[in-house]
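K.L.:
One structure, pasted below without further comment.
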Amino acid sequence: MPLTIDSKTLPRYQTRAFIGTVLVLMLLVSAFFVMTAWQNGHERLRQQRLSLQQSSQEKLRQEVDATLDYINFTRQQTEAVLRDNIQAQVRQAMQLAQSIYDMEIQLHGDGAKEQVGELIREALRDLRFFDGRGYIFIDTLEGECMLLPISPDIEGKSLLDNQDDTGHYIMRGLIEAVQNPNQAGFSRYLWYAPDYPDEMREKIAYVELFEPLDWIIGTGDYLYQVENDLKQQALNRLEALTFGDEGYIAVLHKNGQVLLSPTRPGSSGKLVSQLDSEHRKMVNWLLEQATPEGRFVEYDWYKPGAEGIHHKLSLVQDVPEWDWVLIAGIYQESMDEVLAMQKAKLEQELQHDLQWLILVLLFAMAAAILVAWIISRWLRTLMRRYQQEIDQRQVELERTADELKLSAQVFESASEGAMISDADNRIMAVNPAFTRITGYPEADVVGKTPALLASGRHSSAFFERMWQTLQEQGRWQGEVWNRRRSGEIYPQWLSISLVRDEAGAVRNHVAMLTDMTERKEAEDQLRYLSDFDPLTDLPNRRLLRDRTIQAIARARRRHEQAALLIIDLDRFKNINDSLGHGSGDTVLKIIASRLSEQARDSDTISRLGGDEFVILLPDLGEQADLSGLASRYLQLIAEPLQVEDHTMVTTASIGLALYPGDGEDFDTLFKNADTALYHAKGQGRNNFQFFTEAMNQQVSERLLMETRLRDALGRDELELYYQPQYDVSSNCLTGCEALLRWNSSQGLVMPDRFIPLAEETGLIIPIGAWVLQQACNQAREWDRIHGKPLSMAVNVSAVQFRPELVDEVKAALSESGFPADQLVLEVTESVLMSDVEGSVSLLHQLRELGVRIALDDFGTGYASLAYLKRFALDKLKIDRTFIMGIPDDEDDVAITSSIIDIARHLRLKTVAEGVETEAHCEFLRRAGCHIAQGYFYARPLPASEFELKLK
């Protein structure tokens, strides 16, 4: 039968459902409370047991910790007790000796010293202490034994060279102990103990100087014997210790000996093998349970003064310093009695609580049913009233349907701001997008006119034309500038429509607005990027071209000069490769800032990309000092840079071209300045060059050489020559330096011509790897054939000196099998100083491979001694410019000698280059130089000729 739902039946259904729900909930609550009470009771009983057991464990832990503290204190006092005891015995012996000496000298005078000495020795010979093991000994400051009661046969002999197992000289240690202002002291050594005739044990002696006879009087004792005495004292103390009603501490030795057993005193001192079966099994089990941090165990054992066995809780703690095991235990009968009483009390309380709970639940159920009946009557009345209100609201909803449709249209387009105003143009409603764009919440604009958004940028004529179009066409749209609530003026696309009633009268104005700020900013950004470099904010090539064209036109009218300077940073690629492009960008920003600070207001500083900057100098007079200006730019760029944790120095090369002599348009001036720049790089970098016609020819030759050099490796045109290196003191061949030669199709090309070109073009990377591999292969072959280990020195350029060099060296050594400690990498000062922190790290990685590092051309660069200490170096190479003048040039002599002295103090080997005369060799030999190379010994040789020298 289907249910009939109306205003009459609904309250009846609600009443039945409410009463049924209350009954079910009351039954569930009753079951929950009964179960909870039962669980809580048992949980309280369990917690009580845990609390009592934890209390017992804490008590045992406190007792064991106190015992361990006492044992540690006793152990720590061992040496102090020994020192006090032996010091007291020696001082008594000193007083006795002084008394005998004063008495005899007073009676017989100074001539009786020998007799006095005999009397003192005999008086001290029979002194015994420390349970008979202690005695007094006497020695002289020369190491002669004067008194040794346990071995009188060695009296009169020297014990100066007597040593213990560690190599310590015993007698010398005793003599050193009295060589201080107090003329007394302690000495520690090893010697054979009475209990261990075949093993030396640690012993401490105290000695004092008996000044009248220059004797050393002393005594000593073994640490382990004093410690054994203190162990017995500790056992005596623990035997008397009890805690609680029945707590005690037993002590076992790890070898199975019972040291202390309060429950069975008769077993103390017995080994486990001497105990009865039950006791032996218990002792072994307890020894197995012992841990350094202690372990709680429960077991049954005999109780003193009671019959049978009883349950017991013990803490078993390992004392590794003495090989002891402590067992602190208490019996558990008292805890079991307390728990039984708690359980009985808990069951009684639970039964009482359950009775009251049932009564309360029955009363609550009756009250709930009564309340449910009252509420159902009240709900019937509310339902009738609610039905009446629904009927009234239905009429109102129909009347406001049109308004709801209008509101729906406003908020359908949430992406654009929407504003609705009435016929008088007063704002009625806005959407959330309007608030987001203008910053005005709806409450602040309703009832006001849109005039509060005006920016003041538009004239009254603009608004008159807008309203005229709106009235004529019913719609207007266009770009306007409005003001946000914050005061910010922003561009906005505005579209206004009129809403008319059936009679054609204006009823509402609907405005849709879009924020154009981002679009305008994007347009401005595009205009900026078309003229400026985004990294440095400097003009780019396009803007530079426009300004150069303007400067040339102005200079032509005024008959003046203009100049272009192209600045290129030297070896900037090394910075990106070693520190990353982020650090490289930081360097470019710093250089751009420095150039901008130096430039005139009329100059243009431009960055064309990479590490290349261009400076336009317009309006130059006839007397313009371009050389001085270029020098200042070079000095400015070369100032030290701080990038993150790295301090570095970078240099630059500059090419200059002038209007009208070097070109009458931008492209010609730029090409010629670029040609001058490459000429400056060819002159060694860090300089500037003016353009000349001869440079075009040099550039052409350079391009041709670069083309041939790129194919040199493939055509097998590269060859290694080897400069022999000799030991200065013995004139023996010790190694060589690998030098690169290019057998071009045009003839032999020396390194000073093609190496700079290879570095600039990056070809030095594959060429350097080839040189390294060839040198290692050749050195390994010579080592295999002739069996004579030779060092092989290989030069590393600035471009090669980067993190990848470690893998290249590792690969060359691995493929050739050449020993790493025979490979020497030569690096110049300028390479290391370009990035000190990076150089230190890279040198450290190379040294970890086992190779050696030589600092080439030392003295010609700018490395300070402070940095020299930080670099992981093995050799210093003295430049040939200092060798050529010796021994006649005093300055060269002083510089060379200083370099050799510095290397000696830094534990570095020195290698002299350019040795050409016997006088050079003689001077270097006297100065302490280690290795030399030069024409005096041999020129650089091909591999075949060098091998003849080896034979």
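K.L.:
For residues that are farther than 18 Å from Arg685 by Cβ and among the polar types (S, T, N, Q), scanning just the stretch 815-842, find the one that is surrounded by the most Cβ atoms within 10 Å (Cβ to Cβ). Outline the logic, then answer.
P.N.:
Applying the first criterion (farther than 18 Å from Arg685 by Cβ) to the stretch 815-842 yields 815-826, 836-842.
Subset that is among the polar types (S, T, N, Q): 816, 822, 839, 841.
Values: Ser816: 20, Gln822: 19, Ser839: 22, Ser841: 15.
Looking at the filtered set, the residue picked out is Ser839.
K.L.:
Scan the stretch 554-583 for residues that are in contact (Cβ under 8 Å) with a residue 24 or more places away in the chain, of a type in the set (Gly, Ala, Ser) and over 28 Å from Ser627 (Cβ atoms) and jot them down.
P.N.:
Ser578, Ser583
K.L.:
Quick one: Pro887 ticks every box in (1) part of a loop (DSSP other than H, G, I, E, B); (2) under 24 Å from Cys776 (Cβ atoms); (3) not acidic (Asp, Glu) except a single one, so which number is it?
P.N.:
That leaves (2) as the condition not met.
K.L.:
Restricting attention to the stretch 457-485, which residues are over 22 Å from Met428 (Cα atoms), touching a residue at least 24 places away in the same chain (Cβ under 8 Å) and outside any strand (DSSP E or B)?
P.N.:
Scanning the stretch 457-485 gives a single hit, Arg457.
K.L.:
Filtering the stretch 704-720 down to residues that are more than 24 Å from Asn777 (Cβ to Cβ) and free of Cβ contacts under 8 Å to residues at least 40 places away in the same chain, which residue is surrounded by the most Cβ atoms within 10 Å (Cβ to Cβ)? Spell out how you get there, then give the answer.
P.N.:
So in the stretch 704-720, the residues more than 24 Å from Asn777 (Cβ to Cβ) come out as 704-708.
Right, trim to free of Cβ contacts under 8 Å to residues at least 40 places away in the same chain and you get 704, 707-708.
Working: Leu704: 11, Thr707: 9, Arg708: 17.
Here the residue is Arg708.
K.L.:
Is there a residue in the stretch 745-754 that is over 16 Å from Met792 (Cβ atoms), buried (at least 18 other Cβ atoms within 10 Å of the Cβ) and assigned by TED's automatic domain parsing to the domain that holds Pro942?
P.N.:
Just the residues of the stretch 745-754 that are over 16 Å from Met792 (Cβ atoms), to begin with: 745-754.
Pick out the ones that are also buried (at least 18 other Cβ atoms within 10 Å of the Cβ) and you get 749, 754.
From what's left, assigned by TED's automatic domain parsing to the domain that holds Pro942: 749, 754.
Scanning the stretch 745-754 turns up at least one residue that is over 16 Å from Met792 (Cβ atoms), buried (at least 18 other Cβ atoms within 10 Å of the Cβ) and assigned by TED's automatic domain parsing to the domain that holds Pro942.
K.L.:
Could I ask something else about it? Would you say Gln845 is modelled with pLDDT of 90 or more, among the polar types (S, T, N, Q) and out of contact with any strand residue (DSSP E or B) (no Cβ under 9 Å at 6 or more places or on another chain)? So that I can check it myself, show each step before the final result.
P.N.:
Values: modelled with pLDDT of 90 or more: yes; among the polar types (S, T, N, Q): yes; out of contact with any strand residue (DSSP E or B) (no Cβ under 9 Å at 6 or more places or on another chain): yes.
Yes: the conditions hold for Gln845.
K.L.:
To continue, here is another question. Tell me which strands (runs of 3 or more DSSP E) are completely within the stretch 677-795 and hold 3 or more residues being closer than 24 Å to Glu612 by Cα, or say none if there are none.
P.N.:
Values: elements: 688-690, 718-727, 733-744, 747-749, 791-795.
Once the strands (runs of 3 or more DSSP E) in the stretch 677-795 are filtered for at least 3 residues that are closer than 24 Å to Glu612 by Cα, what remains is 688-690.
K.L.:
Same structure, new question: Can you tell which of Ser730, Ser745 is at pLDDT 85 or above and of a type in the set (Ser, Thr, Tyr)?
P.N.:
Residue meeting the stated conditions: Ser730.
K.L.:
Arg557 versus (1) in the same structural domain as Val587 (by TED's automatic domain parsing); (2) buried (at least 17 other Cβ atoms within 10 Å of the Cβ): which is the lone unmet condition?
P.N.:
Here Arg557 clears every test but (2).
K.L.:
Can we say Gly504 is under 16 Å from Thr435 (Cα atoms) and either part of a loop (DSSP other than H, G, I, E, B) or not β-branched (Val, Ile, Thr) (or both)?
P.N.:
Considered against the rule, which asks whether it is under 16 Å from Thr435 (Cα atoms) and either part of a loop (DSSP other than H, G, I, E, B) or not β-branched (Val, Ile, Thr) (or both), Gly504 comes out as no.
Yes/no matrix, rows are residues, columns are (1) in the same structural domain as Asp727 (by TED's automatic domain parsing); (2) in contact with a Lys or Arg (Cβ under 8 Å, 6 or more places away or on another chain); (3) at pLDDT 85 or above:
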position	(1), (2), (3)
Ala854	yes, yes, yes
Tyr867	yes, no, no
Phe871	yes, no, no
Asp874	yes, yes, yes
Ile878	yes, no, yes
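K.L.:
Then there's this: If you check Gly111, Gly132, which single one turns out to be out of contact with any Leu (no Cβ under 6 Å at 6 or more places or on another chain) and farther than 23 Å from Asp195 by Cβ? Explain how you work it out, then say what you get.
P.N.:
Working: Gly132 fails: farther than 23 Å from Asp195 by Cβ.
After ruling out the rest, the residue left standing is Gly111.
The values are calculated or read from the model by the stated rules, or taken from the named source; none is laboratory data. Please read these numbers as outputs of a predicted model, since none were measured by experiment. A quick note on method: Cβ atoms are made from the backbone with ideal geometry, for glycine too, and the neighbour counts reach across all protein chains shown.
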